[in-house]
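In what follows, a single structure is set out as structure tokens and then discussed.
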Amino acid sequence: MPERVETSSPEGIDYGWVMQVTFVLTILVGAPLVTLASIPADLPTWGARAEFAVRLGAPIWIVIALSVLAYAKRTQASDRRP
């Protein structure tokens, strides 16, 4: 097994972790929410479907990203306490 080339010891918030968790949670939580919301919607074309997904998916992504960032900040603050 080759040695790892890159390592990281972030000071403060690990934004790479925040982005990875945001990506995974957006797929696991956001995609089903957009799918369920699209059931009653009238989406006759692929363009309408894509626009619907972007308009609904963007706010879901923002909420998830800010929640993950707040979690990272909170856990980092609690890790610093003696």
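No lab work stands behind these numbers, since they all come straight from the coordinates. Just so it is clear, the structure is predicted and the values come from calculations on it, not from any experiment. Every residue, glycine among them, receives a Cβ derived from its backbone with ideal geometry; neighbour counts consider all protein chains shown.
At full extension, Leu28 and Arg74 could sit 14.3 nm farther apart than now, given 0.36 nm per residue minus the alpha carbon distance. Taking only the Cα atoms of segment 15-76, the ratio Rg/Rh comes out at 1.10, with Rh defined as the Kirkwood radius.
Per residue of the chain, the DSSP helices (runs of n ≥ 4 H) give a summed -39500 (n - 2.57) that works out to -22500 deg cm²/dmol at 222 nm. Working ranking of peptides 63-70, 35-42, 46-53 by packing, defined as the average number of other Cβ atoms within 10 Å per residue, highest first, is 63-70, 46-53, 35-42.
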